[in-house]
Every structure is written in C-alpha cells, then in structure tokens.
1. Tell me the carbon and sulfur percent of the accessible area for segment 115-199, rounded to whole percent, probe radius 1.4 Å.
2. Please give, to one decimal in nm, the separation of the simple spin-label points placed at W144 and D231, each 7 Å out from Cα toward the Cβ.
3. Quick check: residue separation of R246 and K291 times 0.36 nm, minus the Cα distance between them. What number comes out in nm?
4. Between V298 and L280, what is 0.36 nm times their sequence separation minus the Cα-Cα distance? Round to one decimal in nm.
5. Sorting check: for 275-284, 261-270, which peptide has the highest mean count of neighbouring beta carbons within 10 Å, and how do the rest follow?
6. Using +1 at the C-beta of Lys and Arg and -1 at the C-beta of Asp and Glu, which of L288, V245, I310 has the Cα lying farthest in the positive direction of the dipole of segment 241-314?
7. For Cα pairs less than 8 Å apart in space and 6+ apart in sequence, what is the mean separation divided by the residue count of segment 113-239, i.e. the relative contact order in percent?
8. Can you tell me how much longer the chain between Q206 and A153 gets when fully stretched, taken as 0.36 nm per residue apart minus their C-alpha distance, in nm with one decimal?
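The values are calculated or read from the model by the stated rules, or taken from the named source; none is laboratory data. Keep in mind it's a predicted model, so treat the numbers as computed, not measured. Because the Cβ atoms are built from the backbone with ideal geometry, glycine has one as well, and the counts that use them run over all protein chains shown. Side chains included, ligands, DNA and RNA excluded: accessible areas come from the protein's heavy atoms. Shrake-Rupley method; radii C 1.70, N 1.55, O 1.52, S 1.80 Å.
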Amino acid sequence: MEAFASLLDASGPSYLVPLALVLLILGGGALAWPLLTGGEARADMKRRLKVGAADRAVRESAQSRRNADAVRERAARTAQDFYAKSDPENVARLRLKLIQAGYLDPGAVGTFFLIRFVAFAGCGAGAFLVVMLFGGDASAMTRWIFIGMLAAAGYFVPGIGLSRMVSARMREYRNGFPDFMDLMIVCSDAGMSMEASIERVSRELQLTYPALAQNLQLVSIELRAGRGLDDALKSLADRLNLEEVRSFATLLQQSRELGTSLSGALRVFSDEMRHKRMSLAEEKAHALPAKMSVPVTVCILPVVMMVAIIPVIVKMTAE
C-alpha cells in the first residue's frame, strides 16, 4: 500500500482524474452487469410463466367446455331415447322437420326436446314467481290458470319457431332453385355429366344460397358414395320439401329413359319455374289490397269519422 501511495504521489495530480474515471466506469460496469443479465433472465422466466399460465387456462377452459358438451349431449340423448320409445312416429316427423330447417345433426332431436323441456320448466317457474310477487289479490284458480298458460306457451314456442325456420328455408330454396337450373343448363351445354354439374353448381351457389348449396353438396357426397341419382334426388326433395325438386327428379328419370335432350328439358323446366315464381309474386301483390283493408278499417276509418263528426257535434252543442 505504501508503494502504491508513493507511486500516486510521484505521478502527480494530472493522472488522478483519468484513473478515477476508469475505476468508476469499471466499478459501475461490474455492478450493472448482474442486474442486466438477471433482468433478462427474470423477463424470460416471467414470459415462460405467463405462457405456461395461459396454456393451463386454455386447457382448463377447453376441458370445462368438453365437460359441458358431454353433459348436454348425454341429456339430449336421454331425452331422444325417451321420446323415441314413447312416440317413434312423432320423433321421425320431428327429425324430418329439423332436417328441413337445416339441422342435419342426428342429435338435433334430443336437443330440441331438451330445449322444449327447459322452456316449459322456465316459463312455469317464471309464471310462479310472478304470481307469488304480484298476484296477491288473485284467486288460486286464476293463479294456476296463468301458470299453466305460460308453461304451455313455453312448451309450444320452440315448435312454432321451428316451423318459421322451415318456412324461411323453403323460401330460400324456392328462390334459388331457378338459378340452380340455369347453372345446370350451362354445365349440360358444356358437356359435363350430371354428377359433375351438381358438384360445380353447389360451389357456385355457396355465397348466394348457402343452404341450397349445402344440400347439393350432400347430393354430391351421396353420389360419390355410390348412391343412385334418383335416390339422391328423392332425398334432396325430402330435405328441401319442394315439389319442384321432385319434378326435377322425375324429369331427369324420364329424359334418361326416353333419350331426349337433357339441356332442352332443363331449359323448359327452368322457364316454368320462373313463371311459377312470378305467378306467386303476382298472387301476393293482388292479395295486398284485401290484407290492407283490415288495418285501414281499424286504424284509419275511426280517425276519419271523428274528424268529420266532431265539428258537427261541437257546433250543435254550441247552439
């Protein structure tokens, strides 16, 4: 130490400042290096922990969804088995109606029965709570009638909604089938087979008429699986619930048996379908005045009568 001090005294004050700066920089670097490396390690550890927690949360949510789906599927299967044993004809009709509404899943029948039961129980429980809270002055018979009416409404509302969905699908099918026929004529004139034409047209109608395109894709899958064209078109007619599809299947069968031109037959059939659609539109337009007479009579006529009579009444009372 004495030698180092004597060396510093010999070097003079001009060398002390650079030496102090070098020592300060080295000391600061020595102190900052562990902090820097430790910060990166901690950041990497936090990132790994965060990724692990996110993966664990995703796995837990997926497991909970699977458990909920399993419980729902088990309940729907139980309801479907119960109704299938008690009334198999009703279950078959409901299955066909669900297919016409676009629900092709085999478990849709059980899900529908489950929804109907939940709606029945929920409306009944809601009516019971309403009666308990606000029906203090009503008699017991009135309360039970109110509860029964709401429970019955909850039981029948899913069926009404399903019927409306079927009607909406039928309108879409009826509007899109003439376009399907026009595209089939184009494919037939191009020399494509019936199977290839149906597959091609189903891809073309995917954006404008997705429900019709889905059913046509099912026809293509059935044809590739080895099913006959007539049987596949009959199944399509049952799914769409349209007489035009049945007529189309009959047309193809007769054209193949008689050896007539397929494109000419399709063109004539497409023109007839468009004429039929125009006739339906004209029928609705002609029925509009008769339908408008009811709101006009109920809403507008009383106002007109009041405007015409009230001044006379006021004048007579004033005299």
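1. On the way: 3560 of 4960 Å².
Whole-percent figure for carbon plus sulfur exposure: 72.
2. 5.5
3. On the way: separation 45, 0.36 × 45 = 16.20 nm, distance 3.24 nm.
Working it through step by step, the gained length comes to 13.0 nm.
4. Values: separation 18, 0.36 × 18 = 6.48 nm, distance 2.79 nm.
Contour length minus the Cα-Cα distance gives 3.7 nm.
5. Working: 275-284: 11.0, 261-270: 16.7.
Peptide ranking by packing, descending: 261-270, 275-284.
6. Result: I310.
7. On the way: 82 pairs, mean separation 23.5, N = 127.
It rounds to 19 percent for segment 113-239.
8. Result for the pair: 15.4 nm of gain on full extension.
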